[in-house]
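Input: a single structure, listed below in structure tokens.
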């Protein structure tokens, strides 16, 4: 009977010590978490330039939840599977661009960084869909919800992946602001109807 009590007590203590650990990013079982830094990105985007919204440099940092780990192994490297960009309006408008998901195909070393260069955060096709399509002259050139010729949105990016040992990893959501405008002078050639 005493052995059973001692075993139960030891299991409870072990469970308490592993459950609280150094997990500073929630209760996920993953030993790492990811952060995102948008260091080099445009301040605004011309919806008429014919190319997707891309950032020159985005830095992904892998952080160990247990800072006492002295030698990260390749089993803690993170394979990024997808990243989602969720858009919300910050200019008083209600209609935001829809969420888009992309596949980066990048490995972030445990406790290290990976740099994404010219990765897409909104497709070229989505730049021509509501609400951004209202900025085109043939649609009036003005957002009907704010009555302005620009649309301001926040993009919130979350990365999803897994460690090489198979544990799911989700990044800390990171946000950036973007001003969308229409300019006829840059980008796409305006096609004229055939006569």
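Here are some notes:
- All positions within segment 114-127 that are at pLDDT 95 or above and either out of contact with any strand residue (DSSP E or B) (no Cβ under 9 Å at 6 or more places or on another chain) or in a loop (DSSP other than H, G, I, E, B) (or both): 123, 124, 125
- Qualifying residue in segment 92-103 (condition: in contact with a strand residue (DSSP E or B) (Cβ under 8 Å, 6 or more places away or on another chain), touching a residue at least 40 places away in the same chain (Cβ under 8 Å) and in a strand (DSSP E or B)): no
- Residues (surrounded by fewer than 17 Cβ atoms within 10 Å (Cβ to Cβ), farther than 18 Å from residue 158 by Cα, in contact with a strand residue (DSSP E or B) (Cβ under 7 Å, 6 or more places away or on another chain) and touching a residue at least 60 places away in the same chain (Cβ under 8 Å)) located in segment 68-90: 75, 90
- Residue, farthest from residue 49 (Cα to Cα), within segment 129-184, restricted to residues that are touching a residue at least 60 places away in the same chain (Cβ under 8 Å), assigned to a loop (DSSP other than H, G, I, E, B) and touching a helix residue (DSSP H, G or I) at 6+ places or on another chain (Cβ under 7 Å): 165
- Checked against (1) crowded, with 19+ Cβ neighbours inside 10 Å; (2) in contact (Cβ under 8 Å) with a residue 40 or more places away in the chain; (3) closer than 28 Å to residue 148 by Cα, residue 54 passes all but a single condition, namely (1).
- With respect to the stated conditions, residue 108 is surrounded by 13 or more Cβ atoms within 10 Å (Cβ to Cβ), farther than 18 Å from residue 53 by Cβ and modelled with pLDDT of 95 or more.
- Residue within segment 58-67 that is in contact (Cβ under 8 Å) with a residue 60 or more places away in the chain, in a strand (DSSP E or B) and closer than 23 Å to residue 165 by Cα present: yes
- Residues in segment 131-150 include none that are under 15 Å from the mean Cα position of the chain (by Cα) and either within 19 Å of residue 45 (Cα to Cα) or crowded, with 17+ Cβ neighbours inside 10 Å (or both).
The values are calculated or read from the model by the stated rules, or taken from the named source; none is laboratory data. Keep in mind the model is a prediction, meaning the values are calculated, not measured. Neighbour counts run over all protein chains shown; Cβ positions are idealised from the backbone, glycine included.
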